[in-house]
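Notes follow once the structure below has been shown.
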Amino acid sequence: MPQISVNLKRGIRLAQQQQDTPLLSAMRHYVQDQVKPFHTPGHKQGKGMHPELASILGAETLELDLALMYELDDLHEPHSCIKAAQDLAAELYGADHSYFVVNGTTGGIYAMIMAIAGPGDKILVPRNVHRSIIGGIIIAGAVPVFMQPEVDLTLGIAMGVTPDTVASTLQQHPDAKGVVIINPTYYGVAADLQQIIELVHSYRIPVVVDEAHGPHLKFSPRLPIQALDAGADICAQSTHKILGAMTQCSMVHCRNGYIDVPRLKAMLQLVQSTSPNYIMLASLDVARMQMATEGPQLLETAIDLAEWTRHEINTIPGLYCFGSEKLTTPGVYALDPTKLTVTVKGLGLTGAEAERILRSQYKIQAELSDMFNLLFLITIGDTADDVRYLADSLRDLAKNYSGTSNFAAMQAVGLAYPVIPEPVLSPRSALFGKTRKVRFRESIGQVCAEIVTFYPPGIPLLCPGERISREVADYCLKLQEAGLHISGPEDHTLATIKVVE
Ligand SMILES: Cc1ncc(COP(=O)(O)O)c(C=O)c1O
């Protein structure tokens, strides 16, 4: 068999075994052996499942829905086929250790945070973090120190944090146990990771990277540098979001040094099921093999399609899809071109309105919408026909739809975010402490016991443990008046809010 020598951008030569899928092969062997299954799952390879569900899932899939047993290894103490599959992932991504995670990057993030911080420990995080980071901080009992990301006021989206912001926050909190960075953001914006990592390491603490949107970065020099290659200590990637694994399937990669590896493994055990779905685990094994054998070519095509589409969109009057011209702006060090953020402001539509029109009139579903933008992901699953249809539909939309009252309301809100409120308690103490409900309008000065996030823009405006300021309260009410969706508080009308007694 020929030796694989795919030259990835960081110069790794891959071993022959990257063509193998050790976990899937072990599962197939078990099925071919025609073993009588006196074990879980209860549907016994489909025989006990309702025919309607069984026919949807298919006989071959159900035969492979297996459980933990000696020859199929144990995700929590891997020593054979799962270990081999994870080791191949580590080799491919340049990690010292890689771990498969079946409850998404959310699970990986919980474990990463608990691996570096415990009750009362400070960690630095950008304010535009995904809610799983706040969740991890609550579970760990840690104390977040928020760093304000740069905000692009014309687009209304948060970009990266700058090295200067990280430096000044570290100067004020030299006792922090680690720094979390997002690489790249949902919109494909990467911060200057290398400089930030150098800075953080000068304090001898780890850099933890939420790389949910970056499992493909390794495979093209046209993409931002992946966290591990930039020197990060640990990252979690949603293989399912961008590559060929099934939904919920992610990986955590780490390197020796600043991470206590046995503690990380213990935390991964804590956040994952003792009955992980083997088909999902195998999908990680195969997604890794696919990237090792075809990744660079697949990514080349996806990037070309995305760049073609970006160019087309920018010829449509009223639409704008940002690209390399943003590289000179604060908080934007590199861009992932496969993320197409289409600004519909020029049409006088809100992002949500354009999203609904595309779904109902053109059968197109965007990844997300915010105040004035839509986000489309171009991946290794798209074709030239798909992107041509997207561009044609956007051209049609721009011709036929414009100016709404919702848009006027959104514009009145303005895009500048309020300053981060004063932290008083750890999120965990506030969440689990004695609380009471008060009218939101009368809550100013009280300590919030819930997360308040509006979609868009998805950045938490209030976290548990923060003092509710007049500025934040007014901003929340303005967003509510503009019709934005509130997420987090028990009372989603925000008439009341839980505060700490
Ligand atoms: C930046 C970011 N981090 C983490 C997550 C959580 O990832 P998962 O859905 O794989 O749990 C998401 C999900 O959207 C995300 O956007």
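Assorted remarks:
- Of all the residues in segment 183-226, those that are closer than 20 Å to D121 by Cβ, within 16 Å of the ligand (Cβ to nearest atom) and not acidic (D, E) number 3.
- Beta carbons closer than 7 Å, at least 6 apart along the sequence or on distinct chains, pair a first residue in segment 203-218 that is of a type in the set (F, W, Y) with a second that is modelled with pLDDT of 95 or more and open to solvent by 10 Å² or more (accessible area, probe 1.4 Å) for Y203/P174.
- Residue check for I181: of a type in the set (A, V, I, L, M), outside any strand (DSSP E or B) and within 26 Å of P464 (Cβ to Cβ): no
This table checks each residue for (1) modelled with pLDDT under 95; (2) small (G, A, S); (3) under 27 Å from A142 (Cβ atoms).
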{"position": "E353", "(1), (2), (3)": "yes, no, no"}
{"position": "A391", "(1), (2), (3)": "no, yes, no"}
{"position": "S405", "(1), (2), (3)": "yes, yes, no"}
{"position": "A409", "(1), (2), (3)": "yes, yes, no"}
{"position": "A412", "(1), (2), (3)": "yes, yes, no"}
{"position": "K434", "(1), (2), (3)": "no, no, yes"}
{"position": "E450", "(1), (2), (3)": "yes, no, yes"}
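- The one condition in (1) open to solvent by 10 Å² or more (accessible area, probe 1.4 Å); (2) touching a Pro at 6+ places or on another chain (Cβ under 9 Å); (3) of a type outside the set (F, W, Y); (4) more than 29 Å from P276 (Cβ to Cβ) that V102 fails to fulfil: (4)
- Members of segment 38-85 that are small (G, A, S) and surrounded by 16 or more Cβ atoms within 10 Å (Cβ to Cβ): G46, A54, A84, A85
- Checking each residue of segment 111-120 against the condition of being within 16 Å of the ligand (Cβ to nearest atom), farther than 16 Å from P460 by Cα and surrounded by fewer than 24 Cβ atoms within 10 Å (Cβ to Cβ) gives at least one match.
- Restricting segment 333-368 to residues that are small (G, A, S) and open to solvent by less than 30 Å² (accessible area, probe 1.4 Å), the residue that is farthest from R310 (Cα to Cα): G348
- Flag for K363 being in contact with a Gly (Cβ under 7 Å, 6 or more places away or on another chain), modelled with pLDDT of 95 or more and of a type outside the set (A, V, I, L, M, F, W, C): no
- Residues satisfying the stated conditions in segment 227-259, i.e. within 16 Å of the ligand (Cβ to nearest atom), among the polar types (S, T, N, Q) and open to solvent by 10 Å² or more (accessible area, probe 1.4 Å): T247, Q248
The values are calculated or read from the model by the stated rules, or taken from the named source; none is laboratory data. Since the model is a prediction, treat every value here as computed from it, not as a measurement. We place every Cβ from the backbone using ideal geometry, glycine too, and count neighbours over all the protein chains shown. Side chains are part of the model used for accessible areas, which takes the heavy atoms of the whole protein and leaves out ligands, DNA and RNA. Shrake-Rupley method; radii C 1.70, N 1.55, O 1.52, S 1.80 Å.
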